[in-house]
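Trainee: Provided herewith is a single structure, encoded as structure tokens, for subsequent inquiry.
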Amino acid sequence: MPLPVPVLPEGVDPAWLPPGAFRAVGGRRTLIRGSGPLVETVHGEVAQACRRFGGRVVRDAVPDGAYDLVLGLGADGPDLLGEEGFTCAREGGTTTVTASGGRGLLYGLFHVVRLGEAAFTGERPRETHRPALALRMLDHWDNVAVHPVMGQVERGYAGGSLFWRDGRARGELDRVRAYGRLLAACGINAVSVNNVNVHAAEARLLTDRIGEVADIAGALRPYGIRTHLSVSFAAPVTLGGLPTADPLDGAVRAWWAGATRRVYEAIPDFGGYVVKADSEGQPGPFAYGRSHAEGANLLAAALEPFGGTVHWRAFVYDHRQDWRDRTTDRARAAYDHFVPLDGEFAANAVLQVKHGPMDFQVREPVSPLIGAMPRTRLAVELQATQEYTGQQRHVCWLGPMWSEVLRFPPELGLSVGELARGGLVAVPNAGDDPFWTGHPLAQANLYTFGRLAWRPDAEPRAVLDEWIGLSFPDAPPQVAEGLHAVLDGSWRTYEKYTAPLGVGFMVQPGHHYGPSVDGYEYSPWGTYHFADRDGLGVDRSVKSGTGFAGQYGKPWAELYESPDTCPDELLLFFHHVPYGHVLKSGKTVIQHIYDAHFEGVEEVEEARSVWASLAGLVDPARHARVAERYEEQLRGAREWRDQVNSYFFRKSGVPDGRGRRIY
Ligand code: BDP
């Protein structure tokens with residue numbers, strides 16, 4: 001039985017799967033071959049497109065040239081294609097997609113949807129498509145109950161959670177399925193459904209409330225998505241009533257084994273656990289004098305009989321450090337904790353590392369941990385939710401940043417994308433907002449993440465083209481040009497008007513929106529700029545600083561060690577320099593700060609007017625929402641410019657070389 005396509009509630013934006021995106025597929029004679037649940041999903045998709053655009057779909061006939069499109073499970077062999085790969089060719093008027101697994105067939109269908117008319121013109125030599133990374137995952141930071149400070153979704157800027165409301169599952173499973181459909185169309189295959197900060201309210205999802213998770217898993221499964229759960233390391237104590245959660249204690253191990261068995265009874269294809277331990281107040285193995293490998297292996301052992309994986313986060317640092325003590329450095333922490341444990345993690349334990357050593361700033365070097373643990377499976381974590389990049393009120397397309405990170409070769413010529421053998425993970429930016437992501441243009445971040453997880457070396461602008469083609473299928477060419485104009489450079493624009501040259505933070509404490517240059521400067525969170533009257537930046541050199549630069553392999557350690565060779569954009573991450581220090585660009589640091597902040601605001605003004613010129617060419621509701629957000633972005637950019645420039649003007653006493661007024 002074909003599975004009907006989920007129906008979106010009235011007023012919800014179709015994002016990158018509007019009906020028009022299926023025009024080319026819909027008007028055809030299609031043959032679908034094979035059986036299994038995902039084949040029914042594919043059939044449902046094609047059937048709906050045919051109803052709309054006048055084509056016809058047939059099951060399990062002999063392909064005899066009477067079909068424009070044949071989508072089939074076939075004999076290319078699982079070894080070649082795996083569960084998720086597919087081939088696509090066009091010959092003699094028939095486009096043929098062959099996969100050896102249901103997911104592969106679904107991805108093949110979406111490939112044809114992306115190609116549009118081009119999938120049905122001329123001849124196409126047979127191409128093989130396979131994901132570079134087996135795990136392409138979203139970690140929702142969704143709270144089950146509204147948290148007094150963080151709300152329903154921690155760092156969420158897109159309304160409420162798609163899964164939870166006021167302490168329980170929302171139960172709107174069609175919407176969840178529609179979400180799964182969007183995710184499958186960009187290649188995402190795993191979702192963790194609750195916050196890594198596991199509060200009391202959601203801890204029981206692991207035990208007596210697992211049925212609520214099972215319902216969500218059931219809605220995501222038809223789109224090839226496996227469900228994962230964040231769990232608390234203290235669960236044996238808080239839920240099991242044991243006196244300890246010590247990973248080497250026999251009763252603790254038995255408790256996890258039993259709990260995990262019951263999870264698999266409810267969700268046979270359950271993906272595994274995500275754990276934030278000994279971090280920002282979450283419990284962990286340190287309390288028992290055990291290592292993080294011992295902690296991770298406890299959960300890995302419980303999951304192993306069922307083929308599950310534990311994603312153990314490497315975001316461990318001392319958030320009570322002292323700003324006066326310049327020998328401590330938050331950037332060092334993950335490497336210091338985890339590198340000595342290389343080789344000790346179980347085969348089904350994945351160490352999940354944030355892409356930078358700090359915390360999702362607009363500019364950070366790549367974490368030195370990636371590349372330093374050759375005997376450990378690493379997953380790399382990105383943040384699509386724009387906590388530090390404008391909170392979905394500002395346009396900031398992160399494709400170019402992620403692509404830089406994924407192509408960066410930490411060591412031995414292997415790129416981050418190749419080293420992420422445990423997968424690519426993002427904290428997503430979607431919620432129950434009618435545009436899914438608050439800012440309609442932030443949809444591009446979610447889409448781009450999925451496609452880069454499929455192919456980390458993909459050209460981000462080409463991915464953006466795909467997103468535009470799908471999301472605006474009926475728009476005139478000015479729309480694509482306009483979208484490129486406002487999105488392509490938006491990350492660099494955001495960088496220009498916020499924290500300069502890799503120094504990071506300077507945000508309002510707590511919610512992290514808007515500027516506050518000294519917001520965290522004298523707090524214990526370890527996120528400092530150390531500006532004084534002579535200069536600014538954090539000395540992380542080996543010679544005179546925290547030694548962080550020495551955590552890198554060749555050639556990076558040497559390159560970052562000296563201000564002469566350190567790239568401009570990371571200068572203040574690695575060095576404390578005088579305001580008059582001359583950058584490679586030829587400007588002094590202080591003049592760079594002034595110029596970048598003026599330019600950043602001008603670029604926002606320009607983007608706002610490009611967007612205004614698209615009125616009437618894109619859907620009015622989308623247009624209005626973006627236009628409204630541009631007003632806030634411009635206000636915010638000016639605020640950043642004025643606060644940052646006047647702060648450094650007053651500290652340094654150096655006037656703007658171009659004589660502009662600094663407030
Ligand atoms: C930080 C967020 C915080 C998260 C934490 C994490 O501010 O809300 O809990 O990361 O990744 O960026 O665990």
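Trainee: Tell me whether segment 134-155 contains one or more residues that are away from the ligand (no atom under 16 Å from the Cβ) and open to solvent by less than 10 Å² (accessible area, probe 1.4 Å).
Mentor: Yes, that holds for at least one residue.
Trainee: Please state which one of TRP525, TRP467 is within 27 Å of GLY156 (Cα to Cα), surrounded by fewer than 22 Cβ atoms within 10 Å (Cβ to Cβ) and touching a residue at least 60 places away in the same chain (Cβ under 8 Å).
Mentor: Details: TRP467 fails: surrounded by fewer than 22 Cβ atoms within 10 Å (Cβ to Cβ).
The conditions single out TRP525.
Trainee: Here's something else I'd like to know. Sort out which residues of segment 326-353 are open to solvent by less than 60 Å² (accessible area, probe 1.4 Å), assigned to a loop (DSSP other than H, G, I, E, B) and not polar (S, T, N, Q), and write them in order of number.
Mentor: ASP329, ASP342, GLY343, PHE345, ALA346
Trainee: Mind checking which strands (runs of 3 or more DSSP E) fall wholly inside segment 2-96 and carry at least 1 residues that are closer than 27 Å to GLU123 by Cβ and touching a Ser or Thr at 6+ places or on another chain (Cβ under 8 Å)?
Mentor: Here the list reads 56-59, 69-73, 86-91.
Trainee: May I pose another question? Contact list please: Cβ distance under 8 Å, first residue in segment 264-281 and more than 17 Å from ASN194 (Cβ to Cβ) and free of Cβ contacts under 8 Å to residues at least 24 places away in the same chain, second residue among the polar types (S, T, N, Q) and more than 16 Å from the ligand (Cβ to nearest atom), pairs at least six apart or on different chains.
Mentor: Here the result reads none, with nothing in segment 264-281 linked to a residue that is among the polar types (S, T, N, Q) and more than 16 Å from the ligand (Cβ to nearest atom).
Trainee: The conditions are (1) part of a loop (DSSP other than H, G, I, E, B); (2) away from the ligand (no atom under 16 Å from the Cβ); (3) touching a helix residue (DSSP H, G or I) at 6+ places or on another chain (Cβ under 6 Å); (4) among the aliphatic types (A, V, I, L, M), and MET373 fails exactly one of them. Which is it?
Mentor: (3)
Trainee: Then there is this: Taking segment 603-635 as the search range and keeping residues that are touching a Lys or Arg at 6+ places or on another chain (Cβ under 9 Å) and of a type outside the set (A, V, I, L, M, F, W, C), which one is surrounded by the most Cβ atoms within 10 Å (Cβ to Cβ)?
Mentor: GLN633
Trainee: Another one. So which pairs qualify, if the first residue must be in segment 475-486 and open to solvent by 30 Å² or more (accessible area, probe 1.4 Å), the second must be not in a loop (DSSP other than H, G, I, E, B), the Cβ gap must be under 6 Å, and the two must be at least 6 apart or on different chains?
Mentor: Short answer, once both residue conditions are applied: ALA480/ILE468; ALA485/VAL610.
Trainee: Same structure again: What about VAL582, is it among the hydrophobic types (A, V, I, L, M, F, W, C) and surrounded by 15 or more Cβ atoms within 10 Å (Cβ to Cβ)?
Mentor: In short, no.
Trainee: Looking only at segment 276-292, how many residues end up being under 21 Å from the mean Cα position of the chain (by Cα) and away from the ligand (no atom under 11 Å from the Cβ)?
Mentor: 0
Trainee: I need the helices (runs of 4 or more DSSP H) fully contained in segment 543-621, keeping only those with at least 3 residues that are within 28 Å of the chain's Cα centre (by Cα) and under 30 Å from GLY469 (Cα atoms).
Mentor: The helices (runs of 4 or more DSSP H) meeting that bar are 589-613.
Trainee: Still on this structure, please answer the following. I'd like the full set of residues that are under 19 Å from LYS354 (Cα atoms) and modelled with pLDDT of 95 or more, limited to segment 279-294.
Mentor: If we filter segment 279-294 for residues that are under 19 Å from LYS354 (Cα atoms), which is where we start, we get 279-282, 284, 292-293.
Within segment 279-294, GLY284, HIS292, ALA293 meet the criteria.
Trainee: Name every residue in segment 333-363 that is under 16 Å from the mean Cα position of the chain (by Cα) and charged (D, E, K, R), in order of residue number.
Mentor: LYS354, ASP359, ARG363 - these are the residues of segment 333-363 that are under 16 Å from the mean Cα position of the chain (by Cα) and charged (D, E, K, R).
The values are calculated or read from the model by the stated rules, or taken from the named source; none is laboratory data. Computed from a predicted structure; not experimentally measured. So basically every Cβ, Gly included, is an ideal-geometry build from the backbone, and we count neighbours across all protein chains shown. To get the accessible areas, we keep the full protein, side chains included, count just its heavy atoms, and leave off ligands, DNA and RNA. Shrake-Rupley method; radii C 1.70, N 1.55, O 1.52, S 1.80 Å.
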